[in-house]
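The values are calculated or read from the model by the stated rules, or taken from the named source; none is laboratory data. Remember, it's a predicted structure, so these values are computed and weren't measured experimentally. Every residue, glycine as well, gets a Cβ built from its backbone with ideal geometry; the counts of neighbours run over all protein chains shown.
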Amino acid sequence: MAAIRVHGSTVSTAAMRVFACLYEKELEFEFVQINMGAGEHKQEPFISLNPFGQVPAFEDGDLKLFESRAITQYIAHEYAGKGTQLIIPESKKMAILSVWMEVEAHQFDPAASKLTWELGIKPMFKMVTDEAVVEENEAKLAKVLNIYETRLTQYKYIAGDCFTLADLHHIPNIYYLMGTRSKKLFDSRPHVSAWVADIMSRPAWLKVMAMKH
C-alpha cells in the first residue's frame, strides 16, 4: 500500500493540483474518493483530516496535511530528488518563484476560481450561471493576464525559464476555463496562449485527466 494517500475528488481544482504534483514527481499514491455530493467532506472521518471540510486532505505516513498549495510545496521539498524539479535550490530564484506562487493564489485564483465555478462547475449540476459575477471576474482576470502576457514575453514560464510549482498551481482552473467562453481571455494573448498550451500538454497533467474517466 502506498504511504501517500490523497482524499479528494477528481472534480476539485485543489485536489487536481496535488495529483499533478505527485505525477510530476513520479510518486505512487493511493486516491481515496470523497463523495462530495453526499457531503462526506463535511463529516467524519474526513473532518478529522481537514477541520475546514474541504478537499483534498493528504497523508504521507504519519504526516497529515490540507490546503493544496501547502501540500504541493511539501511534496516538492520532501521529494526534491525525484521527477520534475518543481522548486529552485538557489534562494534568490526561489524567492521569485515564491512571489509568483503568491500571485497565483492572491491575484489569479480569486477571479479564475469564481469563473470556474460559474462557467465550469455550475453547468455540470444544472445550476444557473450568474452573468454579473462572470462579467466582473472576466474583467479582473483580464488585468491579471495582461501582467502575465508581459512577464511571458521575458520568460518561458511564469517564474522563470523552467516549469515550477508556480505554473502547476494554475493548471486546474485553466483546464476548466478552456472549456468555457473565458477561453478567449487566454487565446487573445499570444504568450499566455503558448504558455497554456505548454503546461496543459505535460504528461503529468494528462495522467490527472485520465483519472476523471
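The residue that is nearest to GLU102 (Cα to Cα), counting only those in segment 142-172 that are outside any loop (DSSP other than H, G, I, E, B) and of a type in the set (Phe, Trp, Tyr), is TYR148. Please specify each residue of segment 24-40 satisfying the condition of being in contact (Cβ under 8 Å) with a residue 24 or more places away in the chain and either within 28 Å of TYR79 (Cα to Cα) or not in a loop (DSSP other than H, G, I, E, B) (or both). GLU24, LYS25, GLU26, LEU27, GLU28, PHE29, GLU30, PHE31, VAL32, GLN33, ILE34, listed by residue number.
Residues in segment 68-87 that are in contact (Cβ under 8 Å) with a residue 24 or more places away in the chain and part of a loop (DSSP other than H, G, I, E, B): TYR79, LYS82, GLY83, THR84, GLN85, LEU86, ILE87.
Is it true that GLY120 is outside the structural domain of ALA76 (by TED's automatic domain parsing) and assigned to a helix (DSSP H, G or I)? Considered against the rule, which asks whether it is outside the structural domain of ALA76 (by TED's automatic domain parsing) and assigned to a helix (DSSP H, G or I), GLY120 comes out as yes.
Please specify each residue of segment 88-117 satisfying the condition of being part of a loop (DSSP other than H, G, I, E, B) and touching a residue at least 60 places away in the same chain (Cβ under 8 Å). Selection gives ILE88 alone.
Can you name the condition, by its number, that LYS122 falls short on among (1) farther than 30 Å from ILE4 by Cβ; (2) surrounded by 14 or more Cβ atoms within 10 Å (Cβ to Cβ); (3) at pLDDT 95 or above; (4) not small (Gly, Ala, Ser)? Every condition holds for LYS122 apart from (3).
Yes/no per residue for (1) farther than 23 Å from MET209 by Cα; (2) assigned by TED's automatic domain parsing to the domain that holds MET124; (3) surrounded by fewer than 18 Cβ atoms within 10 Å (Cβ to Cβ); (4) among the hydrophobic types (A, V, I, L, M, F, W, C):
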{"residue": "SER12", "(1), (2), (3), (4)": "no, no, no, no"}
{"residue": "CYS21", "(1), (2), (3), (4)": "no, no, no, yes"}
{"residue": "LEU27", "(1), (2), (3), (4)": "no, no, yes, yes"}
{"residue": "GLY37", "(1), (2), (3), (4)": "no, no, yes, no"}
{"residue": "GLU44", "(1), (2), (3), (4)": "yes, no, yes, no"}
{"residue": "GLY53", "(1), (2), (3), (4)": "yes, no, yes, no"}
{"residue": "GLU59", "(1), (2), (3), (4)": "no, no, no, no"}
{"residue": "LEU63", "(1), (2), (3), (4)": "yes, no, yes, yes"}
{"residue": "ILE71", "(1), (2), (3), (4)": "no, no, no, yes"}
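Every condition in (1) in contact with a Lys or Arg (Cβ under 9 Å, 6 or more places away or on another chain); (2) buried (at least 19 other Cβ atoms within 10 Å of the Cβ); (3) over 18 Å from LYS25 (Cα atoms) holds for ALA105 except the one numbered (2). When segment 173-208 is examined, which residues are found to be assigned to a helix (DSSP H, G or I) and exposed (fewer than 15 other Cβ atoms within 10 Å of the Cβ)? The answer is LYS184, ASP187, PRO190, ALA194, ALA197, ASP198, PRO203, LEU206, LYS207.
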